[in-house]
Amino acid sequence: MANPKSLNVRAYIGIGSNLEQPLAQVKSACKVLAAHPHITLVDTSPWYQSKAVGPGSQPDYVNGAGLLNTALAPEELLDALQAIELAHGRERSVRWGARTLDLDILLIETLTQQTPRLTVPHPRMTERNFVLQPLLDLNPTLQLPDGRHIDHLLNIIGTQDLAVIKEGH
Ligand code: ATP
Ligand code: CA
Ligand code: CA
């Protein structure tokens with residue numbers, strides 16, 4: 001069951017797509033998130049184009065991050081994100097394969113948890129500039145629960161192969 005409003009938490013999520021008009025997919029995901037009864041979409045990062053890191057050759061990705069305020073418990077938030085992925089035609093055949101939509105939980109306040117279904121912070125986020133850069137855009141002073149600063153981690157891995165998508169205003 002959802003927490004009462006007073007127990008809302010701040011959660012950062014990763015949003016990615018590399019199939020079927022990726023930019024339209026990630027924007028559509030944001031609309032659905034914003035309309036969810038137990039989720040407030042507080043902010044979204046700029047969108048970035050990045051090279052696929054999965055198996056074989058895949059189209060480039062569009063990646064970004066969102067800041068949510070939610071009354072959902074962590075596993076309930078994962079349920080909600082996976083339902084949105086499915087509604088966008090997400091198929092899980094090849095691990096790290098191409099996908100219409102990928103919604104990952106990156107951080108939930110200072111929570112750390114490791115269960116078979118959900119690990120927070122996201123276990124691979126510190127290796128991924130397409131995750132760290134949008135997080136930094138949302139919050140330049142953001143830290144992991146262990147105190148490491150996102151800007152420091154991004155300095156270590158660098159921003160190669162990451163291009164901001166310029167959109168008309
Ligand atoms: P990666 O996790 O390396 O980004 P992926 O996003 O392609 O890869 P998926 O196939 O989308 O991986 O997810 C596999 C499983 O990971 C999910 O079914 C989910 O239970 C689990 N999982 C564990 N921690 C998280 C998390 N923080 N956010 C989303 N899914 C998670
Ligand atoms: Ca992912
Ligand atoms: Ca995922």
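The values are calculated or read from the model by the stated rules, or taken from the named source; none is laboratory data. This is a predicted model, so every value here is computed, not measured. Note that each Cβ is placed from the backbone with ideal geometry, even for glycine, and that neighbours are counted across all protein chains shown. These area figures cover heavy atoms from the full protein model, side chains too; ligands, DNA and RNA do not enter into them. Shrake-Rupley method; radii C 1.70, N 1.55, O 1.52, S 1.80 Å.
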Using a 1.4 Å probe on the protein heavy atoms only, what accessible surface does ASP43 show? Give it in Å² to the nearest 10. 70 Å²
Rank SER28, SER57 by accessible area, highest first, at a 1.4 Å probe radius? SER57, SER28
Quick shape summary for the chain, equivalent ellipsoid via Cα gyration tensor, semi-axes whole Å in descending order, reads 23, 20, 16
Give me the net charge for the shell around LEU86: Cβ to Cβ below 11 angstrom, other residues only, Lys and Arg +1, Asp and Glu -1. -1
Radius 12 Å from Cβ of GLU20, net charge of other residues (Lys, Arg +1; Asp, Glu -1): +1
When Lys and Arg each count +1 and Asp and Glu each count -1, what net charge do the other residues less than 15 Å away from GLN143, Cβ to Cβ, add up to? -1
Please report, in debye to the nearest 20, how large the charge dipole of the chain is about its Cα centre when each Lys and Arg carries +1 at its beta carbon and each Asp and Glu carries -1 there. 120 debye
Sort GLU20, GLU85 from largest to smallest accessible area, using a 1.4 Å probe on the heavy atoms of the protein chains. GLU20, GLU85
Label-point gap, in nm, between ALA87 and THR115 - each point 7 angstrom along Cα→Cβ: 2.3 nm
If I ignore ligands, DNA and RNA and count only protein heavy atoms, how much of ARG148 is accessible to a 1.4 Å probe, in Å² to the nearest 10? 110 Å²
Can you send over the solvent-accessible area of THR112, 1.4 Å probe, protein chains only, in Å² to the nearest 10? 100 Å²
